[in-house]
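Structure first, commentary second.
What follows draws every value from the coordinates through simple rules; no lab data is involved. Everything quoted here is computed from the prediction, not taken from an experiment. Backbone-built Cβ (ideal geometry, glycine too); neighbour counts: all protein chains shown.
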Amino acid sequence: METQAEISDEIAKISREYDEAGQVETQPRVDYPPYRSSLLRHPTKDLHQADPEGVELWAPVFGRRDVDPLESDLTIQRGGDPIGERMVVTGRVLDGEGRPVRRQLVEIWQANAGGRYVHQRDQHPAALDPHFTGMGRCLTDDDGRYSFTTIKPGPYPWRNHRNAWRPAHIHFSLFGTEFTQRMVTQMYFPGDPLFALDPIYQAILDPAARDRLVATYDHDLTQPEWSTGYRWDIVLTGSHRTLMEADTEGGVA
Amino acid sequence: MSPTPTPGQTVGPFFHYALPYDGDRDLVAPGSPGAVRLHGTVSDGDGAPVPDALVEIWQAGPDGRVVARSGSLRRDGHTFTGFGRSSTDREGAYTFTTLAPGAVDGGLPFFAVTVFARGLLNRLFTRAYLPLADGATDPLLASVPADRRSTLVCTADTHGFVFDIRLMGDGETVFLRFPGQ
Ligand SMILES: [Fe+3]
C-alpha cells in the first residue's frame with residue numbers, strides 16, 4: 001500500500017498540471033487516480049452532450065406522505081442522546097439560477113462522533129453509539145431551506161492507502177426540479193486538517209469549488225446551552241424547462 | 001450572475017443504511033397488471049460486477065404522462081410515482097418492477113437513469129430506451145456514433161427489459177452531459 005506521502009505527491013502533481021492548463025473545473029474529475037477505487041470505475045469517453053427531453057425535464061415529487069418531520073432530527077431516533085457535539089446544519093437548496101428548490105427531498109447520512117458508520121462493511125474499531133443511526137431526511141420549505149439536528153461526525157480511516165483518513169463529512173443526496181439536477185455530495189467542516197490529504201476532496205481541482213463543500217460556522221444558529229450551528233447552501237445545475245418554455249408553475253407534461 | 005453549482009462527490013461505500021428503503025425498486029407491485037421487470041448489471045473497467053452501486057430510474061407512465069405524485073418513499077401499492085431506486089447486489093445486479101414508459105411529447109420512450117457507486121466521483125446520467133422499432137431514432141440517438149448506440153437501448157426478455165451499465169472500457173455506456181454541466 002502506498003504511503004500518504006506518495007498519494008500526496010500524486011495529488012500535488014495533478015494540481016500543478018491543472019494550474020498550468022489554466023482551465024477551471026468546478027466538478028470533481030471522475031478520472032482521479034489518487035482515489036484508487038476510481039481507477040476502474042470512471043468513463044473513459046467524454047460525456048455525451050444531450051438536451052434534456054421528456055421526463056428529464058421533470059423531477060420526482062416527494063411530500064408529507066414520504067417524510068416524517070421527526071426524520072430531520074438524528075439525535076432522537078434511538079431513545080437516548082447520542083454522544084458528540086450536537087449541532088444544527090441548515091441551508092438552502094437553490095437551482096442554477098439561484099431560485100429556491102421548494103418542497104423537495106434532502107437525504108443525509110454520516111458517521112457517529114467516533115467516525116463509525118452503522119454499516120456492516122465499516123470495520124473501523126471505534127465504538128458504535130446505541131443512540132445514533134446517522135441517517136436523516138427532510139423536505140425543503142418554501143424558501144428552499146433544509147434543516148437537520150445531528151451530532152458532528154468524526155473523521156475515519158479507510159483503505160485507499162496506508163494511514164488514509166477522511167475529513168469529517170456528512171453525505172447529502174439532493175433532487176431539483178428536473179431529473180438532470182440530481183446529485184450526491186459531501187459537506188465538510190471548516191479548517192479540517194485532513195483536506196489536503198484526502199483524494200476524494202482533492203478530486204475537485206478548483207480550490208474555490210472545493211470550498212463550496214465546506215459549511216460555515218454560524219453563531220446565530222448556535223443555541224444557548226444546546227447546540228452549535230453550521231450553514232451550508234447547495235446550488236444545483238441549471239434548470240432547462242424554464243428556459244425552453246414559458247414557465248407554467250406546477251404544470252405537468 | 002448565476003451561482004456556480006456545488007460539486008458532486010462519490011456516494012461512498014456506506015450509503016446502504018440510508019438511501020435504500022422498503023419498496024424502493026418496486027414502482028408497482030410484482031405480478032400486478034402491466035408489471036414489467038427492468039434489470040441489468042453494473043460492471044467496471046475489467047468487466048467485473050460493481051456490488052456497491054446505486055441505480056435510480058425516473059419515467060413516464062405507459063400513457064406518456066409524467067406523473068407528479070408523492071409516495072415514492074412510502075409506497076401505498078396503488079400510486080405509480082415514476083421514481084425507483086435499486087442498489088446492486090453482490091453480482092452487480094439491480095432490478096426494478098415497473099410499468100413500460102410511454103412516449104412523452106412524441107419522443108421515443110425511455111427510462112431516465114442515474115448511476116452512483118463507490119469509486120465513482122460524480123453521478124452519471126444515461127437513458128435506457130425501450131427496444132427500438134426498425135429505423136426509429138431521435139436527436140440523441142442520431143448524435144451518438146452507431147457502434148455505441150446499442151448501449152442506450154434495452155433488450156427485451158421474457159419478463160421485461162434488460163439494461164446493462166458498463167462504467168468503463170469495452171462497450172462503455174454512453175453517459176450524458178446536459179447543458180450547464
Ligand atoms: Fe463517508
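Tabulated data for the structure shown
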quantity	calculated
For the stretch A:2-58 versus the stretch A:114-134, the gap between their alpha-carbon centres in whole angstrom	30 Å
Gain in span if fully extended, A:Arg162 to A:Glu17, counting 0.36 nm per residue against the direct Cα distance	49.7 nm
Net charge of neighbours whose Cβ lies under 10 Å from the Cβ of A:Met1, counting Lys and Arg as +1 and Asp and Glu as -1	+1
Fewest-first ranking of A:His119, A:His169, A:His240, using other Cβ atoms within 10 Å as the exposure measure	A:His119, A:His240, A:His169
Positive minus negative residues near A:Arg162 (Lys, Arg vs Asp, Glu; Cβ under 10 Å)	-1
Fewest-first sequence of B:Arg149, A:Arg182 by Cβ atoms within 10 Å of each Cβ	B:Arg149, A:Arg182
Whole-number D in µm²/s for the stretch B:87-181 (Stokes-Einstein; Kirkwood sum over Cα pairs; 37 °C, 0.692 mPa s)	225 µm²/s
P(r) weight above 27 Å for the stretch A:1-147, C-alpha pairs, percent	52 percent
Whole-number D in µm²/s for the stretch B:120-169 (Stokes-Einstein; Kirkwood sum over Cα pairs; 4 °C, 1.567 mPa s)	105 µm²/s
Scaled radius of gyration (Cα, divided by 2.2 N^0.38 Å) that the stretch B:61-105 gives	1.34
Förster radius 22 Å - calculated FRET efficiency between A:Arg102 and A:Gln49 (Cβ-Cβ, nearest 0.05)	0.15
Net +/- balance of residues flanking A:Gly176 in space, Cβ distance below 9 Å, scoring K and R +1, D and E -1	-1
Two-decimal ratio, the stretch A:166-206, of alpha-carbon radius of gyration to 2.2 N^0.38 Å	1.38
Spherically averaged projected area in nm², based on the convex hull that wraps the Cα atoms of the protein assembly as shown	21.3 nm²
Gyration tensor (alpha-carbon) shape descriptor, the stretch A:1-87, a/c threshold 1.5	oblate
Equivalent ellipsoid, the stretch A:134-210 (semi-axes from 5 times Cα gyration tensor eigenvalues, Å)	26, 16, 12
Computed helical MRE - 222 nm, the protein assembly as shown, DSSP H runs ≥ 4 contributing -39500 (n - 2.57), nearest 500	-2000 deg cm²/dmol
Convex hull volume of chain A per residue (C-alpha atoms, cubic angstrom)	158 Å³
Reciprocal of mean inverse Cα separation for the stretch A:118-253 (Kirkwood radius, Å)	17.8 Å
Packing-based exposure ordering (other Cβ within 10 Å, fewest first) of A:Ser38, B:Ser70	B:Ser70, A:Ser38
Phi to ³J(HN,Hα) by Karplus 6.51 cos²θ - 1.76 cosθ + 1.60 over the stretch B:29-44, Hz, x for Gly, Pro	5, x, x, 6, x, x, 5, 10, 9, 10, 8, x, 10, 9, 10, 9
Residues with amide H under 5 Å from that of A:Val235, placed H, sequence gap 5 or more	A:Leu94, B:Thr6
Whole-Å distance, taken between Cα centres, linking the stretch B:22-54 and the stretch B:91-163	13 Å
Longest segment of chain A lacking GluC sites (Glu not before Pro) that sit in a DSSP loop with at most 14 other Cβ atoms within 10 Å	A:98-224
Between the stretch A:62-109 and the stretch A:165-224, the alpha-carbon center distance in angstrom	16 Å
